[in-house]
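Here, each number is a calculation from the coordinates, and none is a lab measurement. None of these values were measured; they are calculated from a predicted model. Note that we place each Cβ from the backbone using ideal geometry, even for glycine, and neighbour counts take in every protein chain shown.
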Amino acid sequence: MTRQHWSSRTVFILAAVGSAVGLGNVWRFPYLAGKYGGGAFLIPYLIALVVVGIPLLMLEFAVGQKMQQGAIGSFKKLNPNFASLGIFAIFSAFIIASYYAVVMAWCLLYFLASFGVKWSGDAESFFFKDVLQITEGVDKLGGINFPILFSLLLVWVAIYFCVWKGTKSVGKVVIYTVPLPLILMALLLIRGVTLSGFLDGWVFYLNPKWSALADPQVWTAAFTQIFFTLSLAFGTMIAYGSYKNSEEDIAKDTWITALLNSAISLFAGFVVFAVLGYMAVQTSTSVEELAASGPGLAFVVFPKALSLMPYPQLFSLLFFLMLLSLGIDSAFSIVEALNAAIVDVWNNWKITKLSLWICLATFIAGIIYSTRAGLYFLDIADHFITNYNGILVAIFQSILVGWVYGAEKLRRYINEVSDWKIGKWWNISIKYFIPIVLTALLATQLSKDLGTPYEGYPAWALNIGWSLVVVPLILFLVLLARDWNKIRDRNPV
Ligand code: PHE
């Protein structure tokens, strides 16, 4: 079977930007900026973007494009012992997809509730009691929450129809789902800057609190955000690169994708903080207090702010439609990571059938997050997958390219096909900088998690989180060692 390809370069860029720009830009980025130093957060964020984000994104596009395979096949071609690193990456992608779709399911429920702005009385209790029907703790599962499960099913049906014909259907969908949320965001910005108090919000957003830079947690947050936001280390960008023709440009596409993504994050910050500034005036609270709500930002604080505006239904509908359209192209890009990786192994499978099985399996895995204790499980899975699996895969893939395959070899290929040539700095980044910085990051996170149990969850629940990291890691290391021995036995020294 011949491999599918993007219909044009624009479609590829739209798909890559669509994957990168997601809930992470509108919900995660602003709350991190608010929590970790306002304008000062931009410094570690931009450093992480340039020193780790862009080199790794370039690596992933290049590996996929050169090898014309998904994560498993590409790593195997780089070095036959490393196929199992691909399994590590797509296992993590599978877990992310399983909970990312659940957050979209919440968005869908909010979208429907927007018609009556149902949270206007008490937004917090609407989220926790009405939508999540949350139990007191992770040990009380509380049974399935059927509205969430049903909404999740709808989300998966939508995702399936985006990916069912591979690049052909994805290519048609991204033409709408990438610009649409940006238009909605612009409308919300116009609304925001015509409200009183928006400037207070912006001042808080941009005002740098320099002392934050001394806190290692701020740096860890910035680096993990770069991973999450650029969809790195989960096989997604490798898959998207593999649908390009092997002689297409890489360097320029990388810069365009990365810069557009960060520009959209900054832009989203202006929207979010304009509205928070308004809310602060209306409710006589400080922007700081509102921004400190953390993950509750998109589902508690922001909806509350929307309910205080004139025409609350309209702006709530726009906001949740924006989140849904932002999220869907990220969600299906993760499915594509699985699709691309698996089709290389079973290449007699039809894309339509394979996508169906993947969507079904990921939907089933998401049932756990649709229980009344779902939020706790989601929080745990997200914590471990983003802080450990992403970083570990990135370290190994940099070592694989930098030391085993040869950074220079890949750089030469990138320069052969690209208009903008990249210098030797890239090799240094891949060989030394990324593995060292990421290992330091991993050690910081590990010592924190071993010292204090994450969010005070009971040990058994955290052990589930640890097993999401340790099981694929050990599997990878065992397979690596086995294949290594096989090769050594075949070529005795
Ligand atoms: N980049 C997406 C976002 O910011 C999330 C994502 C992570 C997508 C990993 C694909 C792979 O929302």
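Worth pointing out:
- Taking amide H positions as modeled 1.01 Å from N, with prolines and chain starts lacking one, the residues under 5 Å from THR371 and 5 or more places away or on another chain are ASN145.
- Contact order, relative form, for region 9-490: 34 percent (alpha carbon pairs under 8 Å, 6 or more residues apart, mean separation divided by residue count).
- Seen through its C-alpha gyration tensor, with square-root eigenvalues sorted a ≥ b ≥ c, region 354-393 comes out oblate because a/c lies at 1.5 or above while a/b is not bigger than b/c.
- Dipole magnitude of region 9-490 about its Cα centre (Cβ charges: Lys, Arg +1; Asp, Glu -1), debye to nearest 20: 1220
- Ordering ILE385, ILE175 by the number of other Cβ atoms within 10 Å of each residue's own Cβ, fewest first, gives ILE175, ILE385.
- Proxy reagent accessibility, fewest Cβ within 10 Å first, across GLU248, GLU289: GLU289, GLU248
- The Rg/Rh ratio for region 368-493, using Cα coordinates for both the radius of gyration and the Kirkwood hydrodynamic radius, is 1.10.
- Here's the picture: charge each Lys and Arg Cβ at +1 and each Asp and Glu Cβ at -1 in the chain, and of ALA214, THR452, PRO80 the one pushed furthest to the positive end of that dipole is PRO80.
- Reach of LYS431 by Cα under 15 Å, taken over aspartates and glutamates that are not fewer than 8 positions away in the same chain: GLU60, GLU408
- Sum of -39500 (n - 2.57) over DSSP H runs of 4+, divided by residues of the chain (222 nm, nearest 500): -22000 deg cm²/dmol
- From the Kirkwood radius over Cα pairs of the chain, Stokes-Einstein at 37 °C and 0.692 mPa s returns a whole-number translational diffusion coefficient of 143 µm²/s.
- Rg and Dmax, both from the Cα atoms of region 244-337 and both in Å, are 17.4, 58.
- Counting charges near GLY235 (Lys, Arg +1; Asp, Glu -1) among other residues having Cβ under 12 Å from its Cβ returns a value of -3.
- The residue list LEU356, GLY38, VAL17 was ranked by how far each Cα lies along the charge dipole of the chain toward its positive end, using unit charges on Cβ atoms, and LEU356 comes out on top.
- Label zone at TYR176 (point 7 Å along Cα-to-Cβ), backbone N below 15 Å, region 150-166: 158-164
- Candidates THR229, TRP119, SER307 compared by Cα position along the dipole of the chain: farthest toward the positive end lies THR229, with charges placed on Cβ.
- Alpha carbon Rg of region 180-294, scaled by the compact-globule rule 2.2 N^0.38 Å: 1.34
- Peptides 261-271, 214-224 ranked from most to least packed, by the mean per-residue count of other Cβ atoms within 10 Å: 261-271, 214-224.
- Note on TRP466 and LEU112: with the Förster distance fixed at 51 Å, the Cβ-Cβ geometry gives a FRET efficiency of about 0.90.
- 0 to 90° range, to nearest 10: angle between helix 312-345 axis and the chain longest Cα axis: 10
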